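J.: What follows is a structure written as structure tokens; I'll ask about it next.
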Amino acid sequence: MKINKTIFTILLLLIAGLVVACGSKSAPEAATPPANEMETMPDTEMDTEMEDMEDGEMEGMDMNAEVPADLDTSLSRPTEQGVYQVTISSELDPLSLNEIHNWIIHVAAPDGTAVTNAEITIDGGMPAHQHGFPTAPQVTENLGNGDYKLEGVKFSMAGWWEMRLDITADGQSDSVTFNIVLP
């Protein structure tokens with residue numbers, strides 16, 4: 001049986017490549033799978049990764065330096081167009097870094113009537129650092145009486161965070177942004 005020279009050469013190159021790749025001491029170790037889906041989201045849009053910084057580059061940095069002096073950190077406020085009154089509260093008290101936790105969102109009409117059929121999406125991050133949440137928080141449950149469970153929130157560093165909620169109910173949509181500062 002005669003083997004085509006080209007096929008033989010390709011097979012030899014493939015075998016040699018596998019031997020080199022499998023025998024390499026610099027091959028990365030297998031990654032440990034994340035404990036849950038929320039941990040799979042990377043910090044996005046960062047201009048500089050922490051591991052790329054020079055030794056001492058963060059030394060003396062005030063992580064709260066970018067927090068505006070007049071920043072409204074109230075946890076209850078009307079939406080931008082006044083369609084809803086929204087209150088948020090964390091199930092983790094006090095807030096801490098690098099801990100996935102839940103929040104309760106209460107949505108009411110301006111007259112205080114509970115909005116019981118809202119659809120809520122979450123976005124946010126650190127405006128001063130131009131990156132989002134390291135997780136993908138989402139409303140997972142309508143608790144009734146205008147209360148909704150938000151799961152998967154994680155603050156990965158100290159400083160000013162924004163939590164933006166887009167709310168739709170009965171054909172009316174509006175948004176609200178909450179400012180949260182972690183020391």
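The values are calculated or read from the model by the stated rules, or taken from the named source; none is laboratory data. In this text the structure is predicted, and so the values were computed from the model without any measurement. Don't worry about glycine lacking a Cβ; one is built from the backbone with ideal geometry, like all the others, and counts go over all protein chains shown.
J.: Please pick out the residue among 179, 145 that is at pLDDT 95 or above and out of contact with any His (no Cβ under 9 Å at 6 or more places or on another chain).
T.: Of 179, 145, the one residue that is at pLDDT 95 or above and out of contact with any His (no Cβ under 9 Å at 6 or more places or on another chain) is 179.
J.: If the Cβ limit is 7 Å and pairs must be 6+ apart or interchain, which residue in the range 86-98 that is within 17 Å of residue 145 (Cβ to Cβ) pairs with which residue that is part of a loop (DSSP other than H, G, I, E, B) and among the β-branched types (Val, Ile, Thr)?
T.: 86/79
J.: Now a separate question. Which of the residues that make up the range 138-183 are without any contact (Cβ under 8 Å) to a residue 60 or more places away in the chain, part of a loop (DSSP other than H, G, I, E, B) and crowded, with 18+ Cβ neighbours inside 10 Å?
T.: Within the range 138-183, just 146 meets the criteria.
J.: Looking at residue 46, is it touching an Asp or Glu at 6+ places or on another chain (Cβ under 9 Å), at pLDDT below 95 and surrounded by 11 or more Cβ atoms within 10 Å (Cβ to Cβ)?
T.: No; evaluated as a whole, the condition is false for this residue.
J.: Give the range 143-157 a look and list any residue that's over 14 Å from residue 100 (Cα atoms) and polar (S, T, N, Q), or say none.
T.: The answer is 145, and nothing else.
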